[in-house]
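**Student:** Here's a structure for you.
The values are calculated or read from the model by the stated rules, or taken from the named source; none is laboratory data. Predicted, not measured: the structure shown is a model, and the values here were computed from it. Here Cβ is always computed from backbone atoms with ideal geometry, including for glycine, and neighbour counts include all displayed protein chains.
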Ligand code: UDP
């Protein structure tokens with residue numbers, strides 16, 4: 001039995017590793033880009049040596065022990081813990097919302113308990129206690145009230161998704177914790193970091209097995225007819241495209257990156273600065289050297305690489321970054337998932353599963369699918 005895995009992102013690469021090292025059978029990984037790793041891909045900027053995450057910042061973080069134990073067999077992580085700042089109306093605040101954010105916006109020195117009381121009062125004013133939030137805006141104002149929502153969530157979200165927050169699923173905002181302490185971490189997860197020698201090295205080690213063949217610059221379309229009829233196809237591309245979008249297209253959100261090398265030691269003092277307001281077209285600026293403070297020579301050098309992230313509409317054939325998990329798309333996805341099941345094709349990864357997963361969720365899912373559907 002041979003396995004063909006379409007797509008070498010983190011889900012596909014973990015699956016390839018498991019099949020080759022546990023089942024000890026051949027795996028062909030088919031990748032349309034000229035590199036493996038999907039959107040986790042990072043490479044060093046030739047002029048400055050700074051390692052740049054080519055599809056936006058990827059910070060590994062998890063609370064799933066099994067995932068941490070698995071990945072640390074393939075890489076060591078540095079001790080980076082993600083922190084994000086946000087610019088609003090000419091001032092800089094902490095994101096996600098914590099006690100420092102609340103105190104700065106309200107110009108107070110609330111204690112945690114006073115801040116909790118304030119959020120409760122704001123929430124009562126903004127949203128009926130007995131009602132259930134139906135969309136992202138209602139969910140956010142029911143948690144933090146209007147002033148914080150309007151400052152840090154409303155316009156950022158509209159830029160990010162190209163839709164008003166009332167037209168977005170509430171689940172998106174569940175990703176952000178709300179804190180009434182001075183915890184400055186972006187993620188709650190105990191295990192965090194950036195691969196010590198980079199994402200490219202991590203993927204090279206995952207795929208380093210004589211049973212694994214990687215075919216770069218190759219689309220599924222181009223290779224389809226070569227796949228033997230008894231091979232198993234595991235597909236991590238867009239599920240609708242697999243079936244020529246016969247029931248219609250799934251919706252996605254895309255991104256555009258604008259890169260710049262700046263002759264300064266430190267451009268913004270942190271790895272990610274969000275821009276909350278509608279008058280700035282980008283949502284954030286990434287400054288990659290901050291992910292590796294341990295690379296002291298590069299860190300201290302007089303150059304830095306930054307990248308402005310602009311959300312953009314997804315058009316057919318473009319790069320899909322975010323699924324839009326509303327009711328219409330979820331129902332449509334289910335039709336394609338049923339077609340895949342019928343055809344004996346296993347779907348996986350953020351694109352194939354149509355899920356807004358972080359890296360750790362993709363790894364956890366690949367390990368689960370391997371155990372239940374491949375090894376089992
Ligand atoms: N969000 C926001 N303001 C911010 C950061 C995030 O309103 O400063 C909202 C926005 O709707 C976004 C969601 O929270 O899509 C999830 O943010 P996260 O940082 O998890 O998004 P990602 O890094 O996956 O793009």
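**Student:** When region 123-136 is examined, which residues are found to be within 21 Å of residue 325 (Cβ to Cβ) and more than 10 Å from the ligand (Cβ to nearest atom)?
**Tutor:** Residues satisfying the conditions are 132, 133, 134, 135.
**Student:** Which numbered condition trips up residue 191, out of (1) surrounded by 14 or more Cβ atoms within 10 Å (Cβ to Cβ); (2) out of contact with any strand residue (DSSP E or B) (no Cβ under 8 Å at 6 or more places or on another chain); (3) over 26 Å from residue 280 (Cα atoms)?
**Tutor:** (2)
**Student:** I've got another one for you. Scan region 119-133 for residues that are in contact with a helix residue (DSSP H, G or I) (Cβ under 7 Å, 6 or more places away or on another chain) and either part of a helix (DSSP H, G or I) or surrounded by fewer than 14 Cβ atoms within 10 Å (Cβ to Cβ) (or both) and jot them down.
**Tutor:** 119, 122, 123, 125, 126
**Student:** For residues that are in contact (Cβ under 8 Å) with a residue 24 or more places away in the chain, surrounded by fewer than 17 Cβ atoms within 10 Å (Cβ to Cβ) and closer than 21 Å to residue 301 by Cα, scanning just region 30-53, find the one that is farthest from the ligand (Cβ to nearest atom).
**Tutor:** 47
**Student:** Looking at 290, 286, which is the one that is closer than 16 Å to residue 56 by Cβ, crowded, with 17+ Cβ neighbours inside 10 Å and more than 18 Å from the chain's Cα centre (by Cα)?
**Tutor:** 290
**Student:** Still on this model: Would you be able to tell me the number of residues in region 11-62 that are closer than 27 Å to residue 374 by Cβ, assigned to a loop (DSSP other than H, G, I, E, B) and over 16 Å from the mean Cα position of the chain (by Cα)?
**Tutor:** The total comes to 8.
**Student:** Take the conditions within 28 Å of residue 59 (Cα to Cα) and within 14 Å of the ligand (Cβ to nearest atom) and apply them to residue 172. Does it pass?
**Tutor:** Yes; evaluated as a whole, the condition is true for this residue.
**Student:** Find the residue count for region 333-376, including only residues that are at pLDDT 95 or above, farther than 17 Å from residue 323 by Cα and outside any helix (DSSP H, G or I).
**Tutor:** 3
**Student:** With respect to residue 318, is the statement that it is in a loop (DSSP other than H, G, I, E, B) and at pLDDT below 95 true?
**Tutor:** The answer is yes for residue 318.
**Student:** Given the residues 266, 197, 185, which is the only one that is under 27 Å from residue 287 (Cα atoms), modelled with pLDDT of 95 or more and within 16 Å of the ligand (Cβ to nearest atom)?
**Tutor:** So the residue among 266, 197, 185 that is under 27 Å from residue 287 (Cα atoms), modelled with pLDDT of 95 or more and within 16 Å of the ligand (Cβ to nearest atom) is 185.
**Student:** Looking at residue 154, is it more than 12 Å from the ligand (Cβ to nearest atom) and in contact with a helix residue (DSSP H, G or I) (Cβ under 7 Å, 6 or more places away or on another chain)?
**Tutor:** Considered against the rule, which asks whether it is more than 12 Å from the ligand (Cβ to nearest atom) and in contact with a helix residue (DSSP H, G or I) (Cβ under 7 Å, 6 or more places away or on another chain), residue 154 comes out as no.
**Student:** With the requirement that a residue be in contact (Cβ under 8 Å) with a residue 60 or more places away in the chain, more than 13 Å from the ligand (Cβ to nearest atom) and either surrounded by 18 or more Cβ atoms within 10 Å (Cβ to Cβ) or under 21 Å from residue 279 (Cβ atoms) (or both), what does region 87-110 give you?
**Tutor:** Hits for region 87-110 are 89, 99, 102.
**Student:** Would you check if residue 302 is touching a residue at least 24 places away in the same chain (Cβ under 8 Å), in a loop (DSSP other than H, G, I, E, B), within 15 Å of residue 249 (Cα to Cα) and more than 16 Å from the ligand (Cβ to nearest atom)?
**Tutor:** no
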